[in-house]
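Note sheet for the following structure.
We did not get these values from a lab; they are worked out from the coordinates using the rules stated. If you're wondering where the values come from, they're calculated on a predicted model, not measured in any experiment. As a convention, Cβ positions derive from the backbone with ideal geometry for all residues, glycine included, and neighbour counts pool all protein chains shown.
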Amino acid sequence: MSAYAQTHLAPYSSQAFEVRPFDAPLGAEVLNLDLSQPLNDEDFARVHRAHLDHGLLVFRDQRITPQQQIAFSRRFGPLQIHVLKQFLLSGHPEIFIISNIVENGQPIGLADAGKYWHSDLSYKELPSLGSMLLAQELPEEGGDTLFASQQLAYETLPAHLRQAVEGRRAVHSYTARYRDEVFSGVRRPTLTAAQLAEVQAVEHPMVRIHPETGRKGLFVNENFTTHILGIPEDESRQILAELFAHSARPEFIYRHQWQPHDMVFWDNRALIHLATGCPSHQRRHMHRTTIQGSAPL
Ligand code: SIN
């Protein structure tokens, strides 16, 4: 059969995979699913449903190529290209490299992506639907990623915070905490004028309705949200500090301890996440695709 027929005509047979929810406020692992094969419509619908139900899926043991990661990610929507072009995988700009590896004195990826709680690309007019992060090399110690449900956070807001966020909008900016700072001996690259033009600050509602499930969630984060519109600066700072503390309460969190060849797919419309870091002498290298979502409502 020709390559065209294999990708366009052959009905791929269903895979006997299992979705096993974690004993946690969110997340499930997917076992015995091979993402190097295109999924047929039935399997894709099961994966899609599980992602909406659990907010995060861990696909175990994925020995897939960059092209296969991109192809699977594209089933969910168009992919977003990160503003730090120097950290895009050569030949595959849809893949953003998160890595603490330095070669010839140059970092090959962003080492400190995710050291503050955030939702990916909340600083864009069209923030991300979800991200897929594939482990390439893992440290022996640390390197975990934490995920917190912002739907649970919204549902448990104390009355005064619920009143403070309802109907309000906040500003998100990529540069809010971006500094030319040194992280494990490596300096973050200075943003060029073209990069700065790509990441103009945007406004979003502080509570968003999930476009596919209709569930409400908090939509602010300590990495990118700078201030609340329409209230005095000191009041905005105080409310945001309380919201950031509430949004990362332990009872909303799933902690992901990476296993070799894990690919984690999380919903940026419903969760925030944080990379906990690892000893700087241990290598951690990941490939991320970022799927574009809709404007928050
Ligand atoms: C990210 O924020 O996308 C990176 C998370 C991680 O490195 O664990």
For q values of 0.08, 0.09, 0.12, 0.13 Å⁻¹, compute log₁₀ I(q)/I(0) with the Debye formula on a Cα-only model of the chain, without solvent.
-0.35, -0.44, -0.79, -0.93
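Could you order peptides 159-165, 102-108 by the average number of other Cβ atoms within 10 Å of their residues, highest first? Spell out each step's value before the answer.
Details: 159-165: 14.1, 102-108: 11.7.
Top of the packing list down: 159-165, 102-108.
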How long, wide and thick is segment 110-157, going by the Cα atoms along their three principal axes, in whole angstroms, largest first?
37, 27, 17
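In percent, what relative contact order does segment 108-246 have, based on Cα pairs under 8 Å that are 6 or more apart in sequence? Write out the running numbers ahead of the final one.
On the way: 163 pairs, mean separation 44.9, N = 139.
With pairs under 8 Å counted, the relative contact order is 32 percent.
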Partners for Lys115 among aspartates and glutamates (Cα-Cα distance below 16 Å; same-chain residues under 8 apart left out):
Asp144, Asp180, Glu181, Glu222
Value of relative contact order over the chain, rounded to a whole percent, pairs C-alpha under 8 Å and six or more apart
32
Where a Cα-Cα gap under 23 Å defines reach, which lysines qualify for Lys216, not counting those fewer than 8 residues away within the same chain?
Lys124
Checking rank on 14-27, 249-262, with mean other Cβ inside 10 Å and highest first, the result is 249-262, 14-27
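Over the Cα atoms of segment 165-297, compute the convex hull volume and normalise it per residue, giving Å³. Can you show the working numbers first?
Numbers: hull volume 21.5 nm³, N = 133.
Output value, Cα hull per residue: 162 Å³.
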I want to make sure I understand the PRE zone here: with the label point 7 angstrom from the Cα of His92 toward its beta carbon, which residues in segment 44-71 have backbone N atoms less than 15 Å away?
62-71
